[in-house]
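Undergrad: Dumping the structure here so I can ask a few things about it.
A short reminder: the numbers here are calculations on the coordinates, not readings from a lab. Since the structure is predicted, the reported quantities are computational estimates derived from the model, not experimental observations. A quick note on method: Cβ atoms are made from the backbone with ideal geometry, for glycine too, and the neighbour counts reach across all protein chains shown.
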Amino acid sequence: MTKKDVAGATPPPRAKRLPRAVRERQILDAAVRVFSERGYHAASMDEVSDVAGISKPMIYAYLGSKEELFAACIQREATRLMEAIGGVVDVDLDPEEQLWRGVLAFFTFVGENRDSWQVLHRQAGTQGAPFAAELAEGRRRAVAMISALLDRAAGREGVGAFAEGRTEPLAAALTGAGEALAEWWLEHPEESPKAMARRLMNLSWMGFGNLVLGRAWSPEKSA
C-alpha cells in the first residue's frame, strides 16, 4: 500500500534548501523586529529564532553572536536607508529638487520602516562601542552625500570656489536635524512623510531668516 493510498494524497515534495542570502535576510528581518521591540539587552536569540522560524544554531552559524547579529542589523539598515535616498537623487535635476527628493525619501523610509529606525538610532545610539562606530559610519555616508549635493549647488550658482570645504558642516547639521525630526516623528505618527520633509526643507533650504519673515518653501515651486 502506498502513502497515497493511506493518506489519500501524494505527500508534498521535500522543501528545497534556501540560499544563504535568503536565510540571512530572514534572520535579519526577525532580528530588527525583536531588537526594535525589546531593546538590545532584553532581546534574546531564542526570540529571534522564534520570529525567524530558524533554529538558533543556524542563526549562530550564519551571523554569529548576538553582538555580531546586532552589528549586522545596523549595517544593513543603514545601507537600505542610503540606497533609498541615493536612488531618487538625480544629479541632472536642480539642487533644490534633488534635496527635496532626498529628504522626502528619508522620511518615507523612516515612516515605512520604523523598526529599522528604532534599531539605527534608538538602540544603536544608546549601546556605546562597538555599535557607536557602526552608527557613525552610516552618518558619515549621509553627510558625504549631502555635502556633494551642496557642492554641486554652489557650482551651479558660480560660487563653487567660495563654498569649497565649507559644505561638510552644513551637511552634518542637516543630517542631525533630520535625525532629530525623525525622533520627534516617532512620538507624533499622525504626521505624514511629506509634512515632515517640508519642515526640514523649510529649515535647511529657506533658512531661519526667511522663516522668520514668513517665507515658506513649497514643493510646488520646484515642480
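Undergrad: Let me test this: with uniform point scatterers at the alpha carbons of the range 39-98, what is the Debye-based log₁₀ I(q)/I(0) at q = 0.13, 0.16, 0.28 1/Å?
TA: So the normalised log intensities work out to -0.51, -0.62, -1.14.
Undergrad: Using 7 Å Cα-to-Cβ label points, what is the residue 65/residue 38 separation (nm, one decimal)?
TA: Computed distance between label sites residue 65 and residue 38 equals 1.8 nm.
Undergrad: Next up: Rounded to the nearest angstrom and ordered from largest down, what semi-axes does the equivalent ellipsoid of the range 14-64 get from its C-alpha gyration tensor (root of 5λ)? Provide the component values of the computation, followed by the final result.
TA: Numbers: eigenvalues 84, 20, 18 Å².
Semi-axis lengths for the range 14-64 are 20, 10, 9 Å.
Undergrad: Something else: Add +1 for every Lys or Arg and -1 for every Asp or Glu among the other residues with Cβ under 11 Å from the Cβ of residue 101, and state the total. Provide the component values of the computation, followed by the final result.
TA: Values: positive: none; negative: 90, 94, 96, 97.
In short, -4.
Undergrad: How far, in nm, would the chain grow between residue 218 and residue 191 when pulled straight, counting 0.36 nm per residue and subtracting the alpha carbon separation?
TA: Numbers: separation 27, 0.36 × 27 = 9.72 nm, distance 1.69 nm.
Length difference between fully extended and current span is 8.0 nm.
Undergrad: Hey, another quick one. If one computes the Cα centroid of the range 27-60 and of the range 169-184, what distance in Å separates the two points?
TA: 30 Å
Undergrad: A follow-up question, please. On full extension of the chain, what length is gained from residue 133 through residue 21, given 0.36 nm per residue of separation minus the C-alpha to C-alpha distance? Let's see the in-between values first.
TA: Details: separation 112, 0.36 × 112 = 40.32 nm, distance 2.49 nm.
That works out to 37.8 nm of additional length.
Undergrad: Per the Kirkwood formula on distinct C-alpha pairs, the Rh of the range 48-156 is how many angstrom?
TA: Values: mean 1/r = 0.0645 Å⁻¹.
Mean inverse Cα-Cα distance, inverted, gives 15.5 Å.
Undergrad: Please give, to one decimal in nm, the separation of the simple spin-label points placed at residue 45 and residue 91, each 7 Å out from Cα toward the Cβ.
TA: 4.4 nm
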